[in-house]
Amino acid sequence: MAKDDYIACIGLEVHVQLKTNSKMFCGCAVQFGEPPNTLTCPTCLGLPGALPVLNKGAIERTILAGQLLGCETPPVVKWDRKNYFYPDMPKNYQISQFDLPLCIGGGVPLYDLAYPKDAQNEIENPGKSVELTRIHLEEDVAKSTHHSGGYTTIDFNRAGTPLMEIVSEPDIDSPEEAAAYLNSLRQILVYSGVSDADMEKGQMRCDVNISVRPKTQEELGTKIELKNLNSVSAVRRSIHYEIDRQIGELDAGNTITQATWRWNDDIGQTEIMRTKEDAHDYRYFPDPDLLPVQTGELLAAVQQDLPELPHEKTARFEKEYQVTHYDASVLASDKSLADFYEKAASGNKSPKKVANWVINNFLGELKEQELELSECGLAPEKIGALVNLIEAGTISNNQAKEVFSELFANPEGDPAAIAKEKGFEPADSSEVEGFIDQAIADNPGPAGEVTEGNDKAANFLTGQVMKLSRGKANPKQVTELILQKLRG
Ligand code: ZN
Ligand code: MN
C-alpha cells in the first residue's frame, strides 16, 4: 500500500521540572549545576524511615498549568507508589499519582508559529487543540552518568525535583504537529512561570507513542514507545523515521510488537530497548506516608490570578494596537518580547509602526549580533521615541535607521540627541519649496505627467527633491506639496 493509505496516531508524555525553590517531598534546594550530591537529605536519598512532606508550591503550579490548559481538578487527589527497581531510585518506588491525578482532560492549542518554520505554510489542521488525558505530579529520580571507563556515577541533586507529567491522547497526526505541541506547551508553561521548560537543560523531557494503521482499519495499531527525546527536532525526526519503519513492516506483512525503543540521534534511527511493561507491572498502591489532598481552596486561589496566555495576548494586541494577526503573534510568542513591545508602544501615536520597528529592525539587529533580548540594554521607550521623531516629520525613515544603529550600539543615547548630532534636522520649509520648484523646472516631462494624473511621476519628482535636500525633507510632505502645486 502507498504511504497515503496509512494513518499515524501519536501521543506524547512530557515530563516538566517545576520552577520551585525546594524539592517535592523535602526542603532541599532545586538548583542546576551545583557540585554532585550536595543538595540532598535522608528523604531525597531514599534512606529508610525518612518521611516525605508535600510541597504546596508544586501542587499550586500544577493546578495552574491545568487551569490554563482547560483541565478539571478533582476535589480530592492522592499519591501512589509506582514500584520498580533502578539504581537512580534507591527507595525502589517513585511517588506519583495513579487514579486521582491533579488534572484531568483539557487540551494544548497549537500556535501557528510553534510549527517548524518550513511547515508553517501548510498547516493541516489550523487552530487545532491536542486533547490531554491528564497531568499528574511526581518526583524526579537521580541522574546517572555512564563514563567511558565502564563505570557509572549517580548525582542525587536532581532526585526529588517536582516533576509534572503531561499525558496527551493519541490525538497528534504528524511529526510537525508533535513539534508544534511541544513548542506551544513550552510557551504556555514559561509564560505562566510554571517551568522554564528548557529541553537542553533536561527541564522538559519527552516520550513518544506512535502507532500506524491502514486508513480502512478502525482500531488503533500496536504502539511503539520512544524514550527520552531531548530536543524538538529529535522528536520530529524520530517520528518521521518510526512512521516509515512501521509502514515498511506492515507492508512486508510483519506485525508490530509493543515495545520501548530509543532514538539514536547520531545515526538517525530508532533502536529497540525492551518489550513494554504494562501499567500493572508497577503494582501501584496508595502511599501510606502521604494523606490525600483536598484541592478546593488551592484551586480557588489559583483561579483568582490567571496569567494572560500567548493566544489571548495576540488577540488583545490586534485589537488594542491595530497590528496584524501575524505581527501580534510574533510579538506575543515570547513573553519578554511582548512586554518590551508594550513598553515601546505605550502612549505612542503609531503603535503599528512601533511593532514594525520592533519586529524588523530591533529583532533583526538582535539576530545579526546573536544576542538575546535580555542581553540587550536598549530601553523599549527609546524605540517609541524614535518612531515619534519619524511621525513628527523630524527625521526620515532612512535617517531613523542610522539613528537606530547608533542607539543599538550605545543604548544610553537619546534618539533626538543622536539625530541632532548627525545633522538630521527637518529642512526649512521655504527651502523645501525652493527645491520643489527647481525639481519641477528641471523635469518638465514628469511634471506634465503628474498634472495628467500619473502618481509614479510624482514619486520621481519627490526623489529629486530628496536629493536636493540631501535627505532632510520629509518625503510624505514633499509629495503632497508637489501634488498641490501641479494638480491644484
Ligand atoms: Zn532532600
Ligand atoms: Mn512519569
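The values are calculated or read from the model by the stated rules, or taken from the named source; none is laboratory data. Not measured: the values here are computed from a predicted model. So basically every Cβ, Gly included, is an ideal-geometry build from the backbone, and we count neighbours across all protein chains shown.
Structure notes:
Table: residues versus (1) without any contact (Cβ under 8 Å) to a residue 12 or more places away in the chain; (2) within 23 Å of residue 195 (Cβ to Cβ); (3) within 15 Å of ligand 1 (Cβ to nearest atom).
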site	(1), (2), (3)
32	no, yes, no
49	yes, no, yes
77	no, yes, no
96	no, yes, no
103	no, yes, no
109	no, yes, no
117	yes, no, no
121	yes, no, no
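- Only one entry of 366, 371 meets the criterion of being free of Cβ contacts under 8 Å to residues at least 12 places away in the same chain, assigned by TED's automatic domain parsing to the domain that holds residue 409 and part of a helix (DSSP H, G or I), and that entry is 366.
- Qualifying residue in the range 435-449 (condition: part of a loop (DSSP other than H, G, I, E, B), charged (D, E, K, R) and not assigned by TED's automatic domain parsing to the domain that holds residue 365): no
- Residue match in the range 96-110 (condition: within 21 Å of residue 162 (Cα to Cα) and either of a type in the set (S, T, N, Q) or outside the structural domain of residue 180 (by TED's automatic domain parsing) (or both)): yes
- Meets criteria (touching a residue at least 12 places away in the same chain (Cβ under 8 Å), buried (at least 17 other Cβ atoms within 10 Å of the Cβ), within 16 Å of ligand 2 (Cβ to nearest atom) and under 30 Å from residue 182 (Cβ atoms)) for residue 39: no
- Test result for residue 91, basic (Lys, Arg), surrounded by fewer than 19 Cβ atoms within 10 Å (Cβ to Cβ) and either within 16 Å of ligand 2 (Cβ to nearest atom) or at pLDDT 95 or above (or both): no
Table: residues versus (1) exposed (fewer than 13 other Cβ atoms within 10 Å of the Cβ); (2) farther than 30 Å from residue 34 by Cβ.
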{"residue": "205", "(1), (2)": "no, no"}
{"residue": "220", "(1), (2)": "no, yes"}
{"residue": "236", "(1), (2)": "no, yes"}
{"residue": "247", "(1), (2)": "no, yes"}
{"residue": "262", "(1), (2)": "no, no"}
{"residue": "266", "(1), (2)": "yes, no"}
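- The single condition among (1) farther than 26 Å from residue 6 by Cα; (2) modelled with pLDDT under 95 that residue 188 does not meet is (2).
- Picking from residues in the range 1-30 that are without any contact (Cβ under 8 Å) to a residue 60 or more places away in the chain and of a type in the set (A, V, I, L, M), the one that is farthest from residue 162 (Cα to Cα) is 2.
- One residue stands out in the range 47-59 among those that are away from ligand 2 (no atom under 16 Å from the Cβ) and buried (at least 18 other Cβ atoms within 10 Å of the Cβ): the one that is nearest to residue 105 (Cα to Cα), namely 59.
- Search result, residues across the range 142-192 that are of a type in the set (D, E, K, R), crowded, with 19+ Cβ neighbours inside 10 Å and closer than 22 Å to residue 225 by Cβ: 165, 171, 176, 177, 186
- Number of residues in the range 117-144 that are closer than 25 Å to residue 70 by Cα and more than 16 Å from ligand 2 (Cβ to nearest atom) equals 9.
- Checked against (1) under 21 Å from residue 480 (Cα atoms); (2) under 44 Å from the mean Cα position of the chain (by Cα); (3) not in a helix (DSSP H, G or I), residue 453 passes all but a single condition, namely (2).
- Taking the listed residues 161, 152, the one that is within 15 Å of ligand 2 (Cβ to nearest atom) and in contact (Cβ under 8 Å) with a residue 24 or more places away in the chain is 161, with no other qualifying.
- Being polar (S, T, N, Q) and in the same structural domain as residue 387 (by TED's automatic domain parsing) is true of residue 314.
- Exactly one residue among 32, 25 is within 16 Å of ligand 2 (Cβ to nearest atom) and not in a strand (DSSP E or B), and that residue is 25.
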